[in-house]
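What follows is a short report on a single structure.
The values are calculated or read from the model by the stated rules, or taken from the named source; none is laboratory data. Everything quoted here is computed from the prediction, not taken from an experiment. A quick note on method: Cβ atoms are made from the backbone with ideal geometry, for glycine too, and the neighbour counts reach across all protein chains shown.
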């Protein structure tokens, strides 16, 4: 066997050995109703809209119109201690448009509500109405720090400072239960981990995916 063929054979063997580890997932993967906790993802709407405009999306998205959205609910996501389920029922049970309309104050885009039900809600084992009721209850658990209620100009922050502000504003919330995500310069989301009964709880696997940038910008609320 030539050296090149030997090297190829060894590489294939090495990858085959690694494959089970790389593809490892929770044994319950995508089993309806079987998960460990929730992540409440709160999106900084001005960042989404600014990035959307840069991509040429303009104000086509519902949340990027004239209403002054700040933190909005991206979703309530079932999680495993490591990893998460998704699209647990395909096709997803039909979502009543009355439910969609009732959520637009928290999740200000029709397609977002449909998407979150299809990808995440179907994994909870709850009916659509019960799932979105739980989304609303989870959002009510988390108090937004006063510094981020009425941002009128571009605000420079650090991920650690944002996390600390949420911890101080929410008794019982610990740094291990909240994380910040970002793009290359903007704060994108604050994610809070909640137990199934909607109490703050640590989530090391989620926390490890926190933004590592030294400084981020929070664009102002529309109309600010």
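Taken together, the residues in region 181-218 that are within 25 Å of residue 141 (Cα to Cα), in a loop (DSSP other than H, G, I, E, B) and touching a helix residue (DSSP H, G or I) at 6+ places or on another chain (Cβ under 7 Å) amount to 6. Only one of the numbered conditions (1) modelled with pLDDT under 90; (2) under 27 Å from residue 132 (Cα atoms); (3) surrounded by 13 or more Cβ atoms within 10 Å (Cβ to Cβ) is violated by residue 60, and that is (3). Taking the numbered list (1) out of contact with any helix residue (DSSP H, G or I) (no Cβ under 9 Å at 6 or more places or on another chain); (2) modelled with pLDDT under 95; (3) closer than 24 Å to residue 181 by Cα in turn, residue 48 passes all entries but (1). Annotation: residue 24 fulfils all but one of (1) at pLDDT 95 or above; (2) not in a strand (DSSP E or B); the unmet one is (1).
In this structure, is residue 221 outside any helix (DSSP H, G or I), surrounded by 13 or more Cβ atoms within 10 Å (Cβ to Cβ) and under 19 Å from the mean Cα position of the chain (by Cα)?
The answer is no for residue 221.
Residues in region 83-113 that are without any contact (Cβ under 8 Å) to a residue 24 or more places away in the chain and under 15 Å from the mean Cα position of the chain (by Cα): 113 alone.
For region 90-101, the criterion of a residue being at pLDDT 95 or above, crowded, with 22+ Cβ neighbours inside 10 Å and more than 17 Å from residue 222 (Cβ to Cβ) is satisfied by no position.
Here's the yes/no breakdown for (1) at positive phi; (2) in a helix (DSSP H, G or I):
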{"site": "91", "(1), (2)": "no, no"}
{"site": "94", "(1), (2)": "no, no"}
{"site": "105", "(1), (2)": "no, no"}
{"site": "112", "(1), (2)": "no, yes"}
{"site": "125", "(1), (2)": "yes, no"}
{"site": "139", "(1), (2)": "no, yes"}
{"site": "162", "(1), (2)": "no, yes"}
{"site": "168", "(1), (2)": "no, yes"}
